[in-house]
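Written below as structure tokens is the structure these notes are about.
What follows draws every value from the coordinates through simple rules; no lab data is involved. Keep in mind that what you see is a predicted model, and the values were worked out from it rather than measured. Note: ideal-geometry Cβ built from the backbone for every residue, glycine included; neighbour counts use all protein chains shown.
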Amino acid sequence: MLLRPASPGDFGAILALNEASVHFLSPLSPARLQHLHAQSALHLVAEEEGEVQAFLLAFREGADYDSVNYQWFARHDERFLYIDRVVVAEAARGRGVGRTLYEATFAFARQQRLPRVTCEFDIDPPNPVSELFHANFGFAEVGRQAVAGGTKQVSLQAAATGA
């Protein structure tokens, strides 16, 4: 599995992966993806045999991003790296791709001397797989909020980078 920076040539595959997992994520249009890519501090893809199998999109403080979860961290943290979304193709799940993407994200955050990596996951409805995955990286809850018009509740999480 090759990990590399995402490029506009990957956008079709990224949009398809996002759509396949849209019940966990917010939708992405081509224009929105282009904007988020430009605002991101880190946008990685994992590819195998020339096919994008996963992507990760993360933002630093000060990004032009209207996500209510990102905005929560922007109000509470001076310096952070926010993981907005990670999607792994169904065929690539269970092979450590998500772990590899997170390891690269933490390495990037340490290189940038950022004290924390932040993210969120659903707790209502519950997402125990995501909760366990994040706990294994040292994430702990720092807040909660209702999203999607009150139909979901998320756990806002942070993990120290050691930087």
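The table for this structure:
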| read-out | value |
| --- | --- |
| Under 5 Å, built H, 5+ apart or other chain: amide partners of Phe80 | Glu61 |
| From the C-alpha gyration tensor of the chain, square roots of 5λ in Å | 22, 18, 17 |
| Net charge contributed by nearby residues that have their C-beta within less than 10 Å of Ala163 (K/R +1, D/E -1) | +4 |
